[in-house]
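Trainee: Take this structure first; my questions come after.
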Amino acid sequence: MVDGLRPWGAALSGPVDAAMRTVPRHVFVPGVSLERAYGPDPVVTHRDGEGVPVSSASAPGTVAGMLEKLDVRPGQRVLEIGAGTGYNAALLAQLVGPTGSVTTIEYDEAVASAARAALSGLGVAVTVVHGDGMLGAPGQPTFDRIVVTAGAWDIPRAWWQQLAEDGRLVVPLRILGLTRTVVFERAGAVLRSRSVMEDGFMPMRGVGAVREQNISVGPGPDLVVRLDDERAVDASALQDALDHPAAVCWTGVAVAWGWTEHLDFWLATLEGFCRLLVSRAAVDDGRLMTPKGPWGSMGLVEGGTLAYLTTRPGPTEDAAMPTYEIGACGYGPRGADLAARLAERVRDWDRDGGQGVQLWIEAHPGSAGRPEVSGVLLAVDKRDSRVLVLVAEQAAAAV
Ligand SMILES: C[S@@+](CC[C@H](N)C(=O)[O-])C[C@H]1O[C@@H](n2cnc3c(N)ncnc32)[C@H](O)[C@@H]1O
């Protein structure tokens with residue numbers, strides 16, 4: 001399993017490689033074949049009453065990538081939020097060694113008991129706490145490292161209070177519906193990112209759970225509007241929108257494979273930003289234009305109008321590296337207007353660095369109000385924190 005793991009493009013370091021070769025993953029996922037236990041995919045271990053997965057052993061590549069970014073040293077105190085199977089906690093225990101300590105918090109009692117049993121069966125010293133990780137580990141001193149293995153909508157006060165002065169926090173953070181695994185380092189009251197990677201995670205349960213809103217539009221459904229907040233959307237007005245022909249606006253921005261790193265954050269600055277899940281059937285029978293991604297695209301909704309990104313083949317010099325031009329298509333009375341707004345943000349992204357652009361994310365405690373920070377692309381207020389997304393070069397110049 002470990003051979004050839006190159007999480008986020010980088011080879012494993014010695015300590016993480018050794019830990020992954022030492023801890024037997026199959027012990028933490030009983031009842032599945034050795035092939036699956038040591039395969040590249042996540043293994044779902046628990047589902048809720050409706051069959052939705054609520055706990056899993058994350059994909060080994062994701063686990064390894066997060067551990068590398070966490071940069072755990074022998075003797076450190078580590079807190080994990082989301083014990084799941086206990087596998088990652090066992091790896092953390094290897095990394096901190098006998099002089100360090102690992103505490104892991106699990107929301108689901110049955111999951112916590114199974115993790116505790118697997119860890120003690122192997123003789124691994126980890127404290128498994130059944131509780132809500134958003135509240136931290138009450139009564140414990142600060143931690144050098146905090147790693148969160150479920151998708152968080154906010155950075156709660158408890159994590160700030162329990163992260164040591166020079167500590168590191170690795171967390172999959174949802175920002176307006178966009179999840180990025182952010183590696184934060186603490187700089188006084190501020191958490192500043194060292195890296196920002198795209199990855200998917202199960203959402204956090206408990207007090208920090210913020211459900212996304214899904215609104216079906218049309219039969220099938222042809223289209224689902226997914227919102228990160230409670231905004232009201234007029235689904236019946238949108239139904240009429242789909243009867244209009246598409247208004248298309250091409251951007252002149254062509255990229256290899258249609259890959260547009262971090263573009264979504266530029267789109268997220270627009271009013272009405274949302275995710276649009278577009279059904280294959282509606283595309284195949286010509287009712288809707290092909291969305292930019294296999295599942296749909298980020299886009300906009302405003303009254304009875306919607307718009308999303310699409311692509312068409314672009315100028316290609318190297319057949320092995322085809323390019324696609326990004327465009328926007330709008331449906332409804334103001335389709336051309338919304339498509340033009342999306343297209344303009346794509347051009348802005350391209351001007352700001354396009355494919356090579358690097359983001360920087362800062363989190364400020366909510367109590368800090370609205371700190372003055374230059375070069376901010378996007379500012380989002382959460383319950384306990386204010387999250388700022390900045391373009392890395394502009395942010396570095398401003399510090
Ligand atoms: C992807 S799994 C974790 C994988 C795990 N680290 C492993 O090595 O197997 C996510 C876990 O987070 C847990 N979880 C979700 N919300 C939580 C919360 N508020 N506090 C603690 N655990 C939570 C889920 O029950 C689930 O077990």
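The values are calculated or read from the model by the stated rules, or taken from the named source; none is laboratory data. The model shown is predicted, which means the values in this text are computed figures rather than measured ones. FYI the Cβ positions are ideal-geometry reconstructions off the backbone, even for glycines, and counts take in every protein chain you see. Note: accessible area is taken over every heavy atom of the protein model, side chains too, but ligands, DNA and RNA are not part of it. Shrake-Rupley method; radii C 1.70, N 1.55, O 1.52, S 1.80 Å.
Trainee: Loop by DSSP (not H, G, I, E, B), at most 15 other beta-carbon atoms within 10 Å: where is the longest site-free stretch of the chain for trypsin sites (Lys or Arg not before Pro)? Provide the component values of the computation, followed by the final result.
Mentor: Details: sites that count: Arg211, Arg231, Arg383.
Value returned for the longest uninterrupted segment is 1-210.
Trainee: What is the Rg over Rh value, at two decimals, for the chain, using alpha-carbon atoms and the Kirkwood definition of Rh? Walk me through the numbers on the way to the answer.
Mentor: Working: Rg = 22.3 Å, Rh = 22.6 Å.
Using only Cα positions, Rg/Rh for the chain is 0.99.
Trainee: Right, another one. When the expected Rg is taken as 2.2 N^0.38 Å, what fraction or multiple of it is the alpha-carbon Rg of the stretch 28-93?
Mentor: Values: Rg = 13.1 Å, N = 66, 2.2 N^0.38 = 10.8 Å.
Scaled against compact globular proteins, the figure is 1.21.
Trainee: Distance in nm between label sites at Thr127 and Ala392, each 7 Å beyond Cα in the beta-carbon direction?
Mentor: 3.6 nm
Trainee: Using the charge dipole of the chain (Lys, Arg: +1 at Cβ; Asp, Glu: -1 at Cβ; taken about the Cα centre), state which of Trp160, Pro291, Leu79 has its Cα farthest towards the positive end.
Mentor: It is Leu79.
Trainee: What net charge is computed for the residues neighbouring Ser55, neighbours being all others with C-beta under 13 Å from the C-beta of Ser55, Lys and Arg scored +1, Asp and Glu -1?
Mentor: Values: positive: Arg47, Arg205; negative: Asp48, Glu106, Asp108, Glu109.
Around Ser55, the charge tally is -2.
Trainee: With the contact rule set at Cα under 8 Å and sequence spacing of 6 or more, what percent relative contact order holds for the chain?
Mentor: Working: 877 pairs, mean separation 44.0, N = 399.
RCO, the chain: 11 percent.
Trainee: Heavy atoms only, probe 1.4 Å: what % of the accessible area of the chain goes to carbon and sulfur, would you let me know? Display every interim value, and only then the final one.
Mentor: Values: 9010 of 17420 Å².
Carbon and sulfur together cover 52 percent of it.
Trainee: Further, regarding this structure: Provide the per residue accessible area, probe 1.4 Å, for the chain, rounded to a whole number of square angstrom. Walk me through the numbers on the way to the answer.
Mentor: Values: 17420 Å² over 399 residues.
Result: 44 Å² of accessible area for each residue.
Trainee: Are there GluC sites (Glu not before Pro) in the stretch 1-92 that DSSP marks as loop and that have at most 12 other Cβ atoms within 10 Å, and which are they? Please list the in-between numbers first.
Mentor: On the way: sites: Glu35, Glu50, Glu68, Glu80; in loops: Glu50.
Those that pass, being in a loop and sparsely packed, are Glu50.
Trainee: Now a separate question. For the stretch 62-67, what does the Karplus curve 6.51 cos²θ - 1.76 cosθ + 1.60, with θ = phi - 60°, yield as ³J(HN,Hα) per residue in whole Hz, taken in order and with x for Gly and Pro?
Mentor: 5, 4, 4, x, 5, 5
Trainee: Per Stokes-Einstein, at 10 °C and 1.306 mPa s, what whole-number D in µm² s⁻¹ belongs to the stretch 7-208, with the Kirkwood radius over Cα pairs as the hydrodynamic radius? Before the final figure, lay out the partial values.
Mentor: Working: Rh = 16.8 Å.
The Stokes-Einstein estimate is 95 µm²/s.
Trainee: Along the charge dipole of the stretch 220-355, Cβ charges K/R +1 and D/E -1, which of Ala343, Ala319, Val224 sits furthest on the positive end?
Mentor: Ala319
Trainee: Out of the chymotrypsin sites (Phe, Trp or Tyr not before Pro) in the stretch 83-154, which ones are loop residues according to DSSP with at most 10 other C-beta atoms within 10 Å?
Mentor: On the way: sites: Tyr87, Tyr107, Phe143, Trp153; in loops: Tyr107, Trp153.
Those that pass, being in a loop and sparsely packed, number zero.
Trainee: Using a cut-off of 10 Å between beta-carbons, work out the net charge of the residues near Arg287 (Lys and Arg +1, Asp and Glu -1, Arg287 not included). Don't skip to the answer; put the middle values down first.
Mentor: On the way: positive: none; negative: Asp222, Asp243, Asp284, Asp285.
Spelling it out: positives minus negatives among the neighbours equals -4.
Trainee: Over the stretch 3-120, what relative contact order in percent results from Cα pairs under 8 Å that are six or more residues apart?
Mentor: Numbers: 171 pairs, mean separation 28.4, N = 118.
After rounding, I find 24 percent.
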